[in-house]
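For reference, the structure is listed below as structure tokens.
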Amino acid sequence: MTDYKKTLEELILTVIREGGSDLHLATGRAPIIRVVGELISLVKQPIFTDLDTLGVLGEILPKAKVDQFMENKEADFAYDFRGEARLRGNAFFQKGLICIVFRLIPKVKTIAQLHLPSILSDLSRKKQGFFLVVGPVGQGKSTTLAAMIDVINNEQARNIITIEDPIEHVYVPNKSIINQREVGIDTHDFHIALKSVFREDVNVIMVGEMRTPETIATAVTAAETGHLVFSTLHTNNASQTIDRIIDSFPGDQQDQIRVQLSSSLLGIFSQRLIPRITGGFIPAYELLLNNSAVSNLIREKRTYEIDVVIETGMESGMIDFNHSLLELVRAGEISIENAYQYSLNPKGLERMI
């Protein structure tokens, strides 16, 4: 194997052709792709050697980045495939051998195409506030945020700045200005870039991930000072997200961030991709909207009561995760077994059925 670019492109074409989501390359085994959640080994492909994985990495990263990877043992990257598709990836070592994982980034879709609630479009039209999309890795958080950014881009003349590591969805500016900054290429880190936006006449800020208390604090301040701020966290639901944010700060700063969050938070959208009966995945979700009751609970350290507020707040637009699952079951989209498996409160779901 010497033409590593051709090999990589053929493998990416296989992923696209098979409707796959991920490509796994590693020394000592044939390439593996993930299709509808299942891993499939491409047994007709040759087994990769150490030279092969390093050769493919050299097609993705410039030499300086490869050298950096060899020293740091990990690297995040994005890869543009012929201008037709985009992939995000991670390279790492295991047992001293190089592994590379690619994820195919879907084209930016509309909120309706993603089977997401239309209230997300309404939230995209807000002038200021802090909105989080949360859930485990690989549950479509970035895709949901991309759809929300696209609503703004297609409807309003606003200055949108994204700070990402790496850049995933690439936007085509329509009515808005869109500047996309990649950590490690366009800026040194999230926090520095976020501090800079205050001098960049920005309306909408999208931060790829809340990684440090400094980043969270600056994002909350931005939301307080007239900006619309979007971001993600790897948490399971709204109440856990609020606790995670507050607990990331030292004890003497927690009351301040609690007060700031109670006033600046727009909402928290938690989602999971559930296997569809007809194949593929469909999202189930929970939506917390900030109101006076939620704001009081955050300030008074009673976040454990937020789940009840969501369950009883459906008239004001909130969405309970179990209700979302139940609607998908009734619509024939998902099985009752999967509803129970993915529910965060199976006993509550059983009572509803």
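Computed from the coordinates by the stated procedures, all read-outs in this text should not be read as laboratory data. Computed from a prediction, not measured in an experiment: that's the story for all the values here. Methodologically, a virtual Cβ is constructed for each residue, glycine included, from the backbone with ideal geometry; neighbour enumeration extends over all protein chains shown.
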*Separation in nanometres of the label points that stand 7 Å from Cα toward Cβ, at E214 and T49*: 4.5 nm
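Relative contact order (percent) for the chain, with alpha-carbon contacts under 8 angstrom and 6 or more residues of separation?
Relative contact order here is 12 percent.
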*Relative exposure of S316, S264, S121, judged by other C-beta atoms within 10 Å (fewest first)*: S316, S121, S264
*Could you state the angle between the C-alpha long axis of helix 238-247 and the longest principal axis of the C-alpha atoms of the chain, as a value from 0 to 90 degrees rounded to the nearest 10?*
80 degrees
*What distance in nm separates the simple spin-label points at A112 and A157, each placed 7 Å from Cα in the Cβ direction?*
2.7 nm
_Taking the number of other C-beta atoms within 10 Å as the exposure measure, put T232, T49 in order starting with the fewest._
T49, T232
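Give the calculated FRET efficiency between E71 and H234 to the nearest 0.05, with a Förster radius of 25 Å applied to their Cβ-Cβ distance.
Calculated transfer efficiency: 0.40.
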*Using +1 at the Cβ of each Lys and Arg and -1 at the Cβ of each Asp and Glu in segment 238-292, identify which of I268, N291, Q254 lies farthest towards the dipole's positive end.*
I268
*Nonlocal amide H pairs with F81, under 5 Å, H built at 1.01 Å*: R86, L87
*Comparing R199, R158, R88, which has the greatest mean-square fluctuation in the GNM of the chain with Cα pairs linked when under 10 Å apart?*
R199
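Take every DSSP beta bridge with both residues inside the chain and express the antiparallel ones as a percent of the total, to the nearest 5. List each step's numbers first, then the result.
Details: 40 of 66 bridges.
If I count the DSSP bridges inside the chain, around 60 percent turn out antiparallel.
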_Highest-MSF residue in the chain out of I268, I40, I205 [GNM, Cα springs under 10 Å]_ = I40
_GNM flexibility winner over the chain from R299, R29, R272 (Cα, springs under 10 Å)_ = R29
*Tell me the GluC sites (Glu not before Pro) within segment 200-303 that lie in a loop according to DSSP and have at most 14 other beta-carbon atoms within 10 Å.*
E200, E300
_Degrees between helix 213-224 axis and first principal axis of the chain (Cα, 0 to 90, nearest 10)_ = 50 degrees
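What FRET efficiency would be calculated for the residue pair A293, A331, taking the C-beta separation as r and a Förster radius of 25 Å, to the nearest 0.05?
E between A293 and A331, to the nearest 0.05, is 0.25.
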*Could you calculate the contour length gain from D80 to S316, that is, 0.36 nm times the residue separation minus the distance between their Cα atoms, to one decimal place in nm?*
80.8 nm
_On Cα atoms only, tilt of 254-264 relative to the major axis of the chain in degrees_ = 80 degrees
*Which whole-angstrom value gives the distance between the alpha carbon centres of segment 222-245 and segment 135-181?*
17 Å
_Point-charge dipole on Cβ atoms (K/R +1, D/E -1) for segment 119-352, about Cα centre, debye to 20_ = 260 debye
*Setting aside same-chain residues fewer than 8 positions from K195, which lysines have a Cα under 20 Å from its Cα?*
K127
*Between segment 246-301 and segment 54-109, how many Å separate their Cα centres?*
32 Å
*Give the order of L57, L266 when sorted by the count of other beta carbons within 10 angstrom, beginning with the fewest.*
L266, L57
